[in-house]
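The values are calculated or read from the model by the stated rules, or taken from the named source; none is laboratory data. Owing to the predicted nature of the structure, the values given are computational and were not obtained by experimental measurement. In this analysis, Cβ positions are derived from the backbone assuming ideal geometry, glycine residues included, and neighbour counts consider all displayed protein chains. Each accessible area value is taken on the protein alone, full model and side chains, heavy atoms only, with ligands, DNA and RNA left out. Shrake-Rupley method; radii C 1.70, N 1.55, O 1.52, S 1.80 Å.
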Amino acid sequence: MRKRAQNHTRRGFTLVELMVTVAVVAILAAVAAPGMQSFLAKSGMNAVKDDFAIALQRARLDAINRNTCVSICQLAAEGGNTCATGTALGNWHRGWITYTNAACSGTAATALTAADVISVRQPGNARYRLVDDSASKSSALTFDARGTLVSNMGTFHVRDAQQDTSPYKRDITVSMQGRVLVKVPDVVAANSP
């Protein structure tokens with residue numbers, strides 16, 4: 001009977017082992033948290049930037065392939081297929097619509113049929129902004145059958161609403177030739193090491 005009792009070993013953690021483990025986890029979490037926040041901000045802003053730049057390039061290619069004008073306008077309301085107008089203009093992070101534009105006008109269409117709509121991008125995370133803050137906000141960007149811009153060229157800014165000094169800011173410019181350029185703003189580039 002004694003032999004059986006001696007072979008039995010105790011299992012579990014001591015209080016000291018548990019306290020050391022909790023301390024190590026707390027230190028790792030404190031070190032990793034700022035890096036994780038930075039990673040989330042960078043990937044969120046990159047998603048908005050990439051989605052919009054790809055949508056512009058796709059609209060240009062669709063215009064060339066379909067041999068007609070294709071426009072992108074700011075989405076008026078989530079779940080809809082209407083272009084924004086008036087004071088709502090400039091907030092492209094609320095979504096956009098890519099559609100065929102037979103009239104080939106540089107202004108947004110007032111009524112879109114389902115046959116005209118090529119794609120709709122619904123709003124994403126409200127923290128990451130895509131804005132056109134120029135004096136003459138574009139209601140639509142229209143590409144003709146040659147891929148050139150019919151409407152005025154535009155510059156759009158990807159910004160973090162929670163951190164104005166984010167190093168991940170980007171500007172997206174569409175030239176009159178229809179080329180899309182994504183670049184680091186001059187203010188961020190000057191402050192970079």
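A few remarks follow.
- C-alpha long axis of helix 15-66 to longest principal axis of the chain, angle in °: 20 degrees
- The number of Lys pairs in the chain with C-alpha atoms less than 30 Å apart, excluding pairs fewer than 8 positions apart on the same chain, is 9.
- Distance from the C-alpha centroid of the range 75-106 to that of the range 122-155: 9 Å, rounded to the whole angstrom.
- Taking the square roots of 5 times each eigenvalue of the Cα gyration tensor of the chain, largest first, gives ellipsoid semi-axes of 52, 21, 14 Å.
- Å² per residue, accessible surface of the range 1-133 at 1.4 Å: 65 Å²
- Convex hull of the range 1-100 built on C-alpha atoms - directionally averaged projected area, nm²: 14.8 nm²
- Working note: 222 nm ellipticity from helices only, DSSP H runs with n ≥ 4, each -39,500 (n - 2.57), summed and divided by the residues of the chain, gives -11500 deg cm²/dmol to the nearest 500.
- In plain terms, the chain from Thr21 to Gln37 could stretch by 3.3 nm, reckoned as 0.36 nm per residue minus the Cα-Cα distance.
- Unit Cα scatterers, Debye sum, the range 57-166: log10 I(q)/I(0) for q = 0.12, 0.16 Å⁻¹: -0.39, -0.68
- GNM result for the chain, Cα springs below 10 Å: residue of Thr173, Thr87, Thr21 fluctuating most strongly: Thr21
- On the chain, 57 percent of the accessible area sits on carbon and sulfur atoms, based on a 1.4 Å probe.
- DSSP loop trypsin sites (Lys or Arg not before Pro) with at most 12 other Cβ within 10 Å: longest gap in the chain: 12-145
- Here the calculated FRET efficiency for Ala111 and Asp186, from their Cβ-Cβ distance with R0 = 41 Å, stands at 0.55, rounded to the nearest 0.05.
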